[in-house]
Every structure is written in structure tokens, then in C-alpha cells.
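See structure below.
The values are calculated or read from the model by the stated rules, or taken from the named source; none is laboratory data. On a predicted model such as this, the values are computed, not experimentally measured, just so you know. Neighbour counts are summed over all protein chains in view; Cβ atoms, including those assigned to glycine, are modelled from backbone coordinates with ideal geometry. All accessible areas refer to the heavy atoms of the entire protein, side chains included, with ligands and DNA or RNA removed. Shrake-Rupley method; radii C 1.70, N 1.55, O 1.52, S 1.80 Å.
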Amino acid sequence: SQQGEEDPQALSIQEGENATMNCSYKTSINNLQWYRQNSGRGLVHLILIRSNEREKHSGRLRVTLDTSKKSSSLLITASRAADTASYFCATDAQAQGAQKLVFGQGTRLTINP
Amino acid sequence: DGGITQSPKYLFRKEGQNVTLSCEQNLNHDAMYWYRQDPGQGLRLIYYSQIVNDFQKGDIAEGYSVSREKKESFPLTVTSAQKNPTAFYLCASSITGHALQPQHFGDGTRLSIL
């Protein structure tokens, strides 16, 4: 079952610009995580935000969470060519138990030099 | 270096054949997971194990089997009952089975039909 849905499906920007990706989900959560996947590779964990947090930063990454709207956003500032990848949100839908993460379909980000 | 190793990187299956994908971790993590990723899609959970000698079905377990005899190993068998096995398979682990823990991923096995 699909819990998170990313928007847009694909995003192409110039190097140095900011990139914003959004994730919406359907049921209550304990936490939401963002992952990056380079082409043909495994996923890499970027950041985790708990349901009682509204914003979190890690380097050039900024994640927000609005539980009333059931949505989260990932902002990458001052983008670089190396940021080209797919980005996924993952949630632990409470109704499905605390042991599983459910991943969205991802946003494919392309940074043009 | 600690991490997760998946092998082989590419695998080809003949009709009616079972194939086994290897996943080994040296992170001392209790929980391990198998996901399937189809082109342009997200990850779907096949099986997961929170502790040695125990595992649970995920959302798409039909046609797959697993074992967890050792903490560091969680092999996945794609059986002949899985009629559409062509996909990218990802193994992951986390310190515990709780979803508050980040998951660490291997670099995947790409399975194709001959």
C-alpha cells in the first residue's frame, strides 16, 4: 500500500538554484524519513523528522513537516551537480505497525551545470 | 568498513528456476529487509526480519522465500512461482526493527529473465 506520494515526479533546475520536493501521506505517522538514491545504487538515509517536530536542518538540507496537512517538504539549497538523484520519503504508518517503512514513488531531481 | 553487501550485482533466471540473492551485513544490526523496485517506482517490502530465526511477510511476499539463520545474513530466494521477477532488489538493515531507526541499504541486485 502506498503511504507517501512525492511531488513533482521529476524536477530539473540549474546548478546553484534551490530544489524543493514535497511528500504527502494518508495516515498518522510517528516519523518521516527522506532518502536519496543515485542511479543504479541503494538508498542513502538523509534525515528523519519526528511527528512532534516541525523543521529540521542538516547541512544544505531543510525538512519541514506539517502533520495537520499530512505533508512534508525537502529543500536542497545551493544545488550541485552531485545532488542529481531520486529522492524518496518514507513513513511508518501507525496503522501498519511500527516495524515497517512505506516508501513513496520518488522525485527524480536533475541538476544542470 | 561496515556495510551491507549484496551479490551478485546482476542475475539472470531461466523459466522454472529458483534463484537466491545474497545479503550480508557487518553492522551488527538486528533487523533486515528485502525490497523490490520496479523502473521509476518506489520500494515495495517483500520480507523483513527483526531478529535471528524470525521473519514476517511484507506487502508482496508471494513467490519469494527467506531465511534468517545468522544475524549477518538474510538471503532471498525468488521461486518459479514469481511470474514477473524482473526488478531491482534491495536489501537493508537497521539497528532494531523499529521504524524510528534509519535503514542502511546495499547496492542492489538486478534480476532479469533469460
Which whole number gives the average count of other chain Cβ atoms within 10 Å of the Cβ atoms across peptide B:30-43?
4
Would you give the gap between the C-alpha center of segment B:29-104 and the C-alpha center of segment B:9-24, rounded to a whole Å?
14
If the limit is 32 Å between Cα atoms, which of A:Lys70/B:Lys57; A:Lys70/B:Lys71; A:Lys70/B:Lys83; A:Lys100/B:Lys83; B:Lys9/B:Lys83 go over it?
A:Lys70/B:Lys71; A:Lys70/B:Lys83
Ranked from highest to lowest mean number of other Cβ atoms within 10 Å per residue, what is the order of the peptides B:74-83, A:54-63?
B:74-83, A:54-63
What total accessible area, in Å², is buried where chains A and B meet, using a 1.4 Å probe and rounding to the nearest 100?
1900
Starting from the 7 Å offset along Cα-to-Cβ, what nm value, one decimal, do you get for the label separation of A:Leu61 and B:Val52?
3.2
For segment B:1-86, dividing by residue count, accessible area per residue (probe 1.4 Å) in Å² works out to 52
Cα-Cα pairs above 23 Å in chain B: how many percent?
21
How big is chain A in terms of Cα radius of gyration and Dmax, in angstroms?
13.5, 43
Taking every residue of B:105-111, the Cβ atoms of other protein chains inside 10 Å of its Cβ average out to 3
Computing the accessible area with a 1.4 Å probe over protein heavy atoms, can you report the carbon and sulfur percentage for the protein assembly as shown?
46
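For peptide A:41-48, how many partner chain Cβ atoms fall within 10 Å of a residue's Cβ, on average? Walk me through the intermediate numbers first.
Values: counts 6, 15, 12, 3, 7, 1, 1, 4.
Across the residues of A:41-48, the mean count of other-chain Cβ atoms within 10 Å is 6.
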Of B:Thr109, B:Gly16, B:Ser67, whose Cα points farthest to the positive end of the dipole of chain B (charges on the beta-carbon: +1 Lys, Arg; -1 Asp, Glu; origin at the Cα centre)?
B:Gly16
Simple spin-label estimate for A:Gln9/A:Thr110, 7 Å along Cα→Cβ, in nm, reads 1.5
Would you mind getting the Kirkwood hydrodynamic radius of the protein assembly as shown from its Cα pairs, rounded to one decimal in Å?
18.0
Stretch gain in nm, segment B:Thr96-B:Ser22, where the contour uses 0.36 nm per residue and the Cα spacing is subtracted:
24.6 nm
